[in-house]
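Trainee: Attaching a single structure in structure tokens format; questions to follow.
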Amino acid sequence: MADYSMKFRPDADDNLIYSCSSGPHSTLHTAEHVLLSCLLLKDARARFFGPNTNLPHLPHILGTEAGGRQLCDFIHATQVLLCPLPPRPNPP
Ligand SMILES: [Zn+2]
């Protein structure tokens, strides 16, 4: 996750860009991006935070027991916020 790498591993040369981004306008793989807007995780968000919305609300996720459980299930199933991203492949 970009937040973690930038704060605690700034010299590790971790990959900060998720596979949803390409080209000059890359999006950092931050917790906010993963939870609120990553297109690759749209189905997982709907599955764990509810089918009626694509945008879970951070106050619900972080401020309620139900939201915390949903977040844990989402993280466990997707594994997207648990470790630095693997290196990006070199361009051909
Ligand atoms: Zn993304």
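Trainee: Please list, ordered by first then second residue, the pairs with beta carbon atoms under 8 Å, 6 or more apart or interchain, first in region 29-41 and free of Cβ contacts under 8 Å to residues at least 60 places away in the same chain and closer than 18 Å to Arg69 by Cβ, second assigned to a loop (DSSP other than H, G, I, E, B) and within 7 Å of the ligand (Cβ to nearest atom).
Mentor: Val34/Tyr18
Trainee: Taking region 28-44 on its own, how many of its residues are more than 11 Å from the ligand (Cβ to nearest atom) and either among the basic types (Lys, Arg) or over 8 Å from the mean Cα position of the chain (by Cα) (or both)?
Mentor: Going residue by residue through region 28-44, those that are more than 11 Å from the ligand (Cβ to nearest atom) are 31, 43-44.
With either among the basic types (Lys, Arg) or over 8 Å from the mean Cα position of the chain (by Cα) (or both) added as a condition, the list becomes 43-44.
Here the count works out to 2.
Trainee: Additional query: Scan Gly68, Gly23, Gly50 and give me the residue that is at pLDDT 80 or above and either at positive phi or within 16 Å of the ligand (Cβ to nearest atom) (or both).
Mentor: Testing whether each residue is at pLDDT 80 or above and either at positive phi or within 16 Å of the ligand (Cβ to nearest atom) (or both) leaves just Gly50.
The values are calculated or read from the model by the stated rules, or taken from the named source; none is laboratory data. Treat the numbers as computed from the prediction; the structure is a model and nothing was measured. Using ideal geometry, Cβ is built from the backbone for each residue, glycine included, and neighbour counts are taken over all protein chains shown.
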